[in-house]
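The values are calculated or read from the model by the stated rules, or taken from the named source; none is laboratory data. This structure is a prediction, so every number in the text was calculated from the model and none was measured. Here the Cβ positions follow ideal geometry from the backbone for every residue, glycine too, while neighbour counts run over all protein chains shown. Ligands, DNA and RNA are stripped out before the accessible areas are found, and what is left, the full protein with its side chains, is counted by its heavy atoms. Shrake-Rupley method; radii C 1.70, N 1.55, O 1.52, S 1.80 Å.
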Amino acid sequence: MNNDLDALDLRLLDLLQADASLANQALAEAAHVSPATALRRVRRLVDTGVIERQVAIVSPQRIGGLSVIVELTLDRQGAEHLAAFEARAVAETAVQQCYRVSPGPDFVLVLWLPDMAAYHALVQRLFTQDANVRNVKSFFATHRAKFEPAVRLPGPAAG
């Protein structure tokens, strides 16, 4: 936890996680501060990396495609082998999230692909052609009951 965050920072983060499209004036009103204060604080949160980026979240149900969760185990698990696979995985645009995990598999990937043909092409590029990939277990999402990318913030700002 970043101990440099005060109650106002947490309030601004909570508001922006709910709706990052808020104009500075609306954000300031909702946070009960001046627009100059809101702007200065948000800039600091961006500059210090607390806010990584602001994005639009596109509905996969409206676009179509496949959501796939993959567990992957490498044959050789030295630091250089883990780093090499990770670099290849994060370079793939279909990989939305990439986690090194323990215990169990070495990696868990979250993929989004437009169709099964694209999934098979990714499997060939990322899993099959890598002699160090020992085991791959793919789970195809059939229903998304919840998707909440917000980080739960400490204190009264978290609701």
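Restricted to the stretch 47-99, and to residues there that are among the β-branched types (Val, Ile, Thr) and in a helix (DSSP H, G or I), the residue that is farthest from PHE127 (Cα to Cα) is ILE63.
Within the stretch 111-123, residues that are in contact (Cβ under 8 Å) with a residue 12 or more places away in the chain sit with their Cβ atoms under 8 Å from residues that are assigned to a helix (DSSP H, G or I), at 6+ positions apart or across chains, in these pairs: LEU111/TYR119; LEU111/LEU122; TRP112/PRO60; LEU113/TYR119; LEU113/LEU122. Quick check, is LEU111 part of a helix (DSSP H, G or I) and touching a helix residue (DSSP H, G or I) at 6+ places or on another chain (Cβ under 9 Å)? It is false that LEU111 is part of a helix (DSSP H, G or I) and touching a helix residue (DSSP H, G or I) at 6+ places or on another chain (Cβ under 9 Å).
Of the conditions (1) surrounded by 17 or more Cβ atoms within 10 Å (Cβ to Cβ); (2) more than 20 Å from the chain's Cα centre (by Cα); (3) not charged (D, E, K, R), LEU13 clears all except one; give me its number. Every listed condition holds for LEU13 apart from (2). All told, ALA94 meets the bar of being of a type in the set (A, V, I, L, M, F, W, C), in contact with a strand residue (DSSP E or B) (Cβ under 9 Å, 6 or more places away or on another chain) and surrounded by 16 or more Cβ atoms within 10 Å (Cβ to Cβ). Scanning the stretch 57-74 for residues that are surrounded by 12 or more Cβ atoms within 10 Å (Cβ to Cβ) and either within 25 Å of THR142 (Cβ to Cβ) or out of contact with any helix residue (DSSP H, G or I) (no Cβ under 7 Å at 6 or more places or on another chain) (or both) turns up PRO60, GLY65, LEU66, SER67, VAL68, ILE69, VAL70, GLU71, LEU72, THR73. Scan the stretch 17-31 for residues that are closer than 17 Å to LEU153 by Cβ and without any contact (Cβ under 8 Å) to a residue 24 or more places away in the chain and the total you get is 5.
Applying the criterion of being touching an Asp or Glu at 6+ places or on another chain (Cβ under 8 Å) and open to solvent by 80 Å² or more (accessible area, probe 1.4 Å) to the residues of the stretch 105-134, the residue that is farthest from LEU13 (Cα to Cα) is ALA131.
When the stretch 26-56 is limited to residues that are at pLDDT 95 or above and of a type in the set (Lys, Arg), the one that is least open to solvent (accessible area, probe 1.4 Å) turns out to be ARG41.
Within the stretch 1-46, restricting attention to residues that are of a type in the set (Asp, Glu) and outside any helix (DSSP H, G or I), the residue that is nearest to PRO149 (Cα to Cα) is ASP19.
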